[in-house]
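Bear in mind that the values in this text are calculations on the coordinates, not laboratory data. Because the structure is a prediction, the values reported are computed rather than measured. So basically every Cβ, Gly included, is an ideal-geometry build from the backbone, and we count neighbours across all protein chains shown.
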């Protein structure tokens, strides 16, 4: 894929922007949206970059957004169920999401070893 004509940023400039946003603890998904909306960069891949790889190489941070998103989801379900004890569908969803969260934690634990 070729870089679109309207993108005026070089890969080095985009890398600096990504690092700056990552230092502010911005999640990788949100960094992609900020690049798109604020800087007019449709995808970092067009410049030969991958946001998570740039963060990992430059800052040494390992991003596991799926794990954090899943844990937030489980917490929201628990909060919902504390207010709505009769919601059987939410109970079932909580059981399923908790199982997935446990699997994800095991997966990331294996990756770190």
Compute the acute angle (0 to 90°) between the alpha-carbon long axis of helix 28-39 and the principal axis of greatest extent of the alpha-carbon atoms of the chain; round to the nearest 10°.
40
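Sequence gap at least 6, Cα distance under 8 Å: using those rules, report the relative contact order of the chain to the nearest whole percent. The partial results should precede the final answer.
Values: 65 pairs, mean separation 23.2, N = 113.
The value is 21 percent.
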Set the Förster radius R0 to 25 Å, insert the Cβ-Cβ distance between residue 24 and residue 50 as r into 1/(1 + (r/R0)^6), and round the FRET efficiency to 0.05.
0.80
Which angle from 0 to 90°, rounded to the nearest 10, does the C-alpha axis of helix 11-23 make with the longest principal axis of the chain?
30
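Between residue 90 and residue 43, what is the FRET efficiency for a Förster distance of 35 Å, r being their Cβ-Cβ separation, to the nearest 0.05?
On the way: r = 36 Å, r/R0 = 1.02.
Efficiency at R0 = 35 Å is approximately 0.50.
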Segment residue 13-residue 80, extension gain: residue separation times 0.36 nm, minus the distance between their alpha carbons:
19.8 nm
Between helix 88-112 and the chain, what is the angle of the helix's C-alpha long axis to the longest principal axis, kept within 0 to 90° and rounded to the nearest 10?
50
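Based on the mean of other beta carbon atoms within 10 Å per residue, what is the order of 23-33, 45-55, most packed first?
Working: 23-33: 14.1, 45-55: 16.5.
Averaged packing, sorted descending, gives the order 45-55, 23-33.
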What ranking, highest mean first, results for peptides 8-20, 76-88 when packing means the other Cβ atoms within 10 Å averaged over each residue?
8-20, 76-88
